[in-house]
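Working notes for the structure below.
The values are calculated or read from the model by the stated rules, or taken from the named source; none is laboratory data. This one's a predicted model, so the numbers in the text were calculated from it and none came from an experiment. Cβ placement follows ideal geometry from the backbone for every residue including glycine, while neighbour counts extend to all protein chains displayed. We work out accessible area using only protein heavy atoms, side chains counted, and drop any ligands, DNA or RNA first. Shrake-Rupley method; radii C 1.70, N 1.55, O 1.52, S 1.80 Å.
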Amino acid sequence: MDLEKLLSDRLAQAFSAVADGPVDPVVRRSQHADYQSDAALSLARRLGRPPRDIATEVFSRAELADLCSAVEVSGPGFINLTVADPALGRLLSRMAADTRLGVAASAAPQTVVIDYSAPNVAKEMHVGHLRSTVIGDAAVRLLEWLGHRVIKANHLGDWGTPFGMLIEHLLDLGESEAAHELSVGDLDSFYKAARAKFDADDAFKERARRRVVALQGGDELTLRLWRLLVTESEKYFLTVYDQLDVLLTEKDFYGESYYNDMLAPVTEELDQLGLLRDSGDAACVFPEGFAGRDGQPLPIIVRKRDGGYGYGATDLAAIRHRTRDIGATRLLYVVGLPQRQHFEMVYAVARQAGWLSPPAMAEHIGFGSILGSDGKMLRSRAGDSIKLVGLLDEAVTRAADLARRKNPDLPEAAIADVARAVGIGAIKYADLSTDRIKDYVFDWQRMLSLDGNTAPYLQYAHARIRSIFRRSGIDQFTAGPISIGHPAEHALALELVNFGSVVTSVEHTLEFHRLAGYLHTLAATFSGFYEHCPVLRAAGEVRDSRLALCDLTARILHRGLYLLGIATPDRM
Ligand code: ARG
């Protein structure tokens, strides 16, 4: 059902016959025709023939009559394809009749572990955790929709030396006061107060140190206090997830402590494989090919002299668990770019140890920073890290104002729903619509704008189509056959048939800005169609076909935004 693939397959046959071997015809959308192939140009040298000759021969051999209304060779050897309206009509009619909109589930479903969100206990989530949560959530939705078995792994920072000082601070405050501070999200002041005492007070420091030893030794009381810190922080994180409308639940917390029992066997195995080396105050692994600025090999710290394990050791245990015990073949780590090298090193060690071998693969889904209008890392006015809950609340408040201005007739109860969808959607979309590798500037004005590549624009486009159906008097619309005639219908059809290939490309690259960009182009093309082609005022089959085009567009917008984690209210 994927037009691009159909065209590509047909041209591939012709090209392969001409080149006497497989050729990727590189079929792309083009300004000069609906689609263009420029493969003849790159083949010219290999075949020692002028590219135009090759293109002309491919042109005469290719069987495209049922798909194209015009095929021509242009310029130095491009092949330009104009897709036939009846072919578009056939493809769209099939898409419209399919609840999956023509997007088949994966023929090779995988078990995928997505490591994302991962805030730290008793510490405010920062905007980096926001990005990880939003991108990871989109990955979960998209891969699940394509039929993969997805395991959401929230690698909470819930273990390590800071817990000595955190537990001692908890004891100073009293359990109930501490629990209260944490559950209402006062994580930053809790953490900072503990840190301040740790830095200023030697007696406290000593208590904290002893507490770490007790924690590692499994002391009952200490473990109970530790659990209290974890539970209260988790409660707080869950309120953020709820507000953010992401799929993470309490079942998805697989914090660092989850791997504690695996650390000794992992260390043992590394040792037996001859990978472990003593570097003075820790047992380390030095993966090949990683050196610091001084040229010295870089270590993954496995076990420190005091018996504690490093962050990297936990990641090694997690990989081994994910491939061996869970049977995952795709491991995704949605973590900021500063940790890229850490993950490359961990993957290298895991490969050496035999815990990450084909078909299993690990990918770092890295992302840049969120910047303030000053171009520096986004911070509050006081220079602290931004409190996420405050940011999300502000988004919803701003969106409520927008909704009231846009539609004064909307009842206040509906405003609340719309505000949430639009406010949270705007934040997510601003994130997902930029190439994730890049930094982006957090800008309320732009993300909440009703025109441009924004969530409100797309949500509004969707709601506007739904309103056509409300006005149509049709109760339950079922699409009949679609036929394409008008150039604006043709343009819309070309976008609609492309949905599947965009989704499958994002399945591999997890470049959500490509899906976002696609949805934006679709909505803009729809608006051109709606301007030029009367729908409710048309009659008979034309009206039915155009309604079916409207419905298909709305369903793709709805599904596409859902895959990005964004809600689509029916009215706005
Ligand atoms: N808790 C870490 C942080 O806040 C992120 C953890 C990422 N995942 C992992 N498997 N290391 O930086």
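Note that region 388-448 shows a convex hull volume over its alpha carbon atoms of 76 Å³ per residue. Grab the beta carbon distance between residue 376 and residue 325, set R0 = 60 Å, and tell me the FRET efficiency rounded to 0.05. Calculated value: 0.90.
Mean projection of the alpha-carbon convex hull of region 161-242 over all orientations, in nm²?
Orientation-averaged projected area of the Cα hull: 5.0 nm².
Accessible surface for the chain, divided over its residues, is 44 Å² per residue with a 1.4 Å probe. Other residues lying with their Cβ under 9 Å from the Cβ of residue 255 contribute a combined charge of -3, Lys and Arg counting +1, Asp and Glu -1.
Shown are 226, 159, whose ranking by accessible area with a 1.4 Å probe and every protein chain present, most to least, is 159, 226.
Heavy-atom accessible surface of residue 135, to the nearest 10 Å², is about 0 Å², with a 1.4 Å probe and all protein chains retained.
Overall, the accessible surface of the chain at a probe of 1.4 angstrom is composed of carbon and sulfur to the extent of 50 percent.
Within straight-line reach of residue 197, meaning a Cα separation under 12 Å, sit the following aspartates and glutamates at least 8 residues removed in sequence or on another chain: 168, 172, 206. Residue-wise HN-Hα couplings along region 358-370, as the Karplus relation 6.51 cos²θ - 1.76 cosθ + 1.60 with θ = phi - 60° gives them from phi, are x, x, 5, 9, 10, 10, 8, 8, x, 8, x, 9, 9 Hz; Gly and Pro carry x. When the alpha carbon coordinates of the chain are projected onto the principal axes, the ranges are 83, 67, 41 Å, largest first. Close amide H partners of residue 441, meaning residues 5 or more places away or on another chain with modelled amide H under 5 Å apart, are 371. For the chain, the longest principal axis of the alpha carbon atoms and the long axis of helix 412-432 meet at an angle near 90°. Which percent of Cα pairs goes in each bin when the distances of region 3-83 are cut into 10 angstrom slices starting at zero? Per 10 Å bin, starting at zero, the Cα-Cα P(r) for region 3-83 comes out as 21, 61, 18, 0 percent. As I understand it, the value is the acute angle between the Cα axis of helix 202-216 and the longest principal axis of the Cα atoms of the chain; what does it come to in degrees, rounded to 10? Relative to the chain, helix 202-216 is tipped by roughly 70 degrees. Spin-label pair residue 175-residue 250: with each label point 7 Å from Cα along the Cα-Cβ axis, the two points sit 1.8 nm from one another. Each residue was assigned an accessible area with a 1.4 Å probe, and for residue 155 the value is about 10 Å². At 7 Å along Cα-to-Cβ for each site, give me the label-to-label distance between residue 435 and residue 104 in nm. Here the modelled spin labels are 3.2 nm apart.
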